[in-house]
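S.K.: Pasting in a structure now, in structure tokens, and then I'll have a few things to ask.
The values are calculated or read from the model by the stated rules, or taken from the named source; none is laboratory data. Just so it is clear, the model here is predicted, and its values are computed rather than measured. All Cβ positions, glycine included, derive from the backbone under ideal geometry; neighbour counts span all protein chains shown. When the accessible area is computed, the model is the full protein with side chains, heavy atoms only, and any ligands, DNA or RNA have been set aside. Shrake-Rupley method; radii C 1.70, N 1.55, O 1.52, S 1.80 Å.
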Amino acid sequence: MNHNQSICKVCGYNMIGDIPDVCPFCGANHNEFISWNEAQQIYRVTPYRVNDYVTQLRLVPRLGLEHAAYCIETDDAAVWIDCPSVFDPDLKPVEAIYFTHKDFIGASNQYREAWDTKVYLHALDAKHPLVRQFPVDRKFKGDFSEHGIEAFHIGGHTPGFTLYIYDKVLFICDYAFPPGSKMRFNPFGPQDETRKRAARILEIIDERSLLTVCGYNYVTEFDSWLENFQHLVEENSRTVA
């Protein structure tokens, strides 16, 4: 395991190497960092069942701007969508970690080393300086399908942002949040491109029989989420026009 690894308590971002003066992800002071073995003593990755084949993984206690990862148990493999910020040796190994984007790289290098798990990240996000020290086994460049999970490159919020669909579940991470009438696009990254690429999301999910949306810190019912997302897209289209 990489003992020279630390975690920002404000945003949960993992850093390999010496602790920086300020967190390059959220700008927090270096005093907000803890070592990975300290984090192991404090936090546990706790599963919350979403349905028969999806489990949400959250840290207890909460770590900063907490993000959830999701475990999908397919017919032939178990995989994660995104990765917890802390390494928990009590979790069951998975075959692969599919990332929506670079921001939630978490402790993927540690799980990869412990389990020989394959890490998937879009090639455009893999170029980012904060990601380069984390091993990526497959730097994919477009859509793909594996283990019955469909991956669709969207872009927008980050150059490599990718959404996933498995059976009746959409994994959208933080492209738009929170669910409900106050939904907005992620304010970080290129705003024009984020709004523009939202149309592709609507095209992908059109006429699909989906039931559940798994976001970066929420799980919600698909129909109501779609209604709010469509309203957000239409509202932004009028604003641009």
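S.K.: Return only the number of the condition from (1) modelled with pLDDT of 95 or more; (2) assigned to a loop (DSSP other than H, G, I, E, B); (3) open to solvent by 30 Å² or more (accessible area, probe 1.4 Å); (4) touching a Lys or Arg at 6+ places or on another chain (Cβ under 9 Å) that R112 does not satisfy.
M.R.: (2)
S.K.: Which of the residues spanning segment 203-224 are among the aliphatic types (A, V, I, L, M) and closer than 15 Å to T162 by Cβ?
M.R.: I204, I205
S.K.: Out of the residues in segment 160-189 meeting the condition of being over 14 Å from the mean Cα position of the chain (by Cα) and over 21 Å from L65 (Cα atoms), tell me which one is most open to solvent (accessible area, probe 1.4 Å).
M.R.: S181
S.K.: Here is a further query. Check every one of the strands (runs of 3 or more DSSP E) wholly within segment 127-185 and list those with 2 or more residues that are closer than 19 Å to W225 by Cα.
M.R.: By residue number, 162-166, 169-173.
S.K.: I'm trying to understand the selection: among the residues of segment 213-241, which are out of contact with any helix residue (DSSP H, G or I) (no Cβ under 6 Å at 6 or more places or on another chain) and not in a helix (DSSP H, G or I)?
M.R.: Result: C214, G215, Y216, N217, Y218, V219, T220, E221, A241.
S.K.: In this structure, is A126 more than 21 Å from Y13 (Cβ to Cβ), surrounded by 19 or more Cβ atoms within 10 Å (Cβ to Cβ), out of contact with any Cys (no Cβ under 9 Å at 6 or more places or on another chain) and modelled with pLDDT of 95 or more?
M.R.: For A126, the condition - more than 21 Å from Y13 (Cβ to Cβ), surrounded by 19 or more Cβ atoms within 10 Å (Cβ to Cβ), out of contact with any Cys (no Cβ under 9 Å at 6 or more places or on another chain) and modelled with pLDDT of 95 or more - is not met.
S.K.: Take R197 and tell me if it is surrounded by fewer than 20 Cβ atoms within 10 Å (Cβ to Cβ), at pLDDT 95 or above and within 25 Å of S108 (Cβ to Cβ).
M.R.: Yes: the conditions hold for R197.
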